[in-house]
1. In the Gaussian network model of the chain, springs joining C-alpha atoms below 10 Å, which of GLY61, GLY18, GLY90 carries the largest mean-square fluctuation?
2. As a test of the definition: which semi-axes, in Å, follow for the stretch 115-178 when you take the square root of five times each eigenvalue of its alpha carbon gyration tensor? Largest first, please.
3. What's the longest piece of the chain with no exposed trypsin sites (Lys or Arg not before Pro), counting a site as exposed if DSSP puts it in a loop and it has at most 14 other beta carbons within 10 Å?
4. What longest region of the chain stays clear of GluC sites (Glu not before Pro) that DSSP places outside H, G, I, E and B and that have at most 12 other Cβ atoms within 10 Å?
5. For TRP37, TRP15, what ranking results if the residue with the fewest other Cβ atoms within 10 Å of its Cβ goes first?
6. With every atom except the alpha carbons ignored, what do you get for Rg and Dmax of the stretch 1-54, in angstroms?
7. Taking the Cα centre of the chain as origin, work out the dipole magnitude from +1 charges on Lys and Arg Cβ and -1 charges on Asp and Glu Cβ, in debye rounded to 20.
8. Shape of the stretch 59-124 from its Cα gyration tensor (a ≥ b ≥ c, root eigenvalues): rounded if a/c is under 1.5, otherwise prolate when a/b > b/c, or oblate?
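Every number in this text was worked out from the coordinates using simple rules, so none of it is lab data. As the structure is a computational prediction, the values presented were derived from the model and not from experiment. Please note: Cβ atoms are built from the backbone with ideal geometry, for glycine as well, and neighbour counts cover all protein chains shown.
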Amino acid sequence: MMQLLPAAARIEVAWKNGGGVTSVVASAPGRLREFGWRLSLAEVSQAGAFSCFPGISRFMGILQGRLRLEVEGQQPVELSPAGPAFGFAGDAATHAAPVGGAVHNINLMFDPACFTASLDYEPEGIQRPACAAAYLMLTLGPMMLNGTALGALDAALLPSGEAVDAQGGGAWIAALAPAAP
């Protein structure tokens with residue numbers, strides 16, 4: 001059964017490096033870590049280094065603004081709204097700098113020993129078949145999801161085996177499944 005995650009119910013968590021605050025959308029416990037996966041939102045208003053998360057994989061997407069991201073071992077990239085999510089290792093030295101003002105981003109972190117994951121932006125009319133993955137959706141505007149009304153930045157967690165039928169504004173959608181043993 002779909003679990004609604006209203007924007008107004010979110011909790012904030014201080015960044016490990018002390019440089020800001022993350023608003024946790026949803027998370028699941030991990031075996032040996034504080035989380036197996038976590039989807040969160042953050043505002044980046046100044047340049048700085050990212051916190052290190054050894055053994056964690058990350059995907060980042062942009063809700064508003066533009067962000068220059070430099071990840072150790074990769075070419076620098078500039079992320080912008082509606083662009084693809086960018087994947088990188090949580091323990092790679094990473095530096096971010098907003099381009100032209102504050103940036104609001106979405107961040108999916110997961111333990112690849114426990115989960116497989118993806119993060120995609122869908123502009124409208126989202127249909128996904130029922131499968132072994134759970135879907136976690138963050139709406140960017142008013143939306144009808146499987147017959148339920150959601151507001152901007154509300155989220156919903158759909159368990160594995162439940163299809164997605166969404167009408168309305170765009171959304172970021174994470175697919176999460178247990179990793180193979």
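1. GLY18
2. Details: eigenvalues 68, 28, 18 Å².
Each semi-axis is √(5λ); the values are 18, 12, 9 Å.
3. 32-181
4. After excluding every exposed loop site, the longest remaining stretch is 73-181.
5. TRP15, TRP37
6. Rg, Dmax (Cα atoms, Å): 12.8, 41.
7. In debye, rounded to 20, the chain gives about 260.
8. oblate
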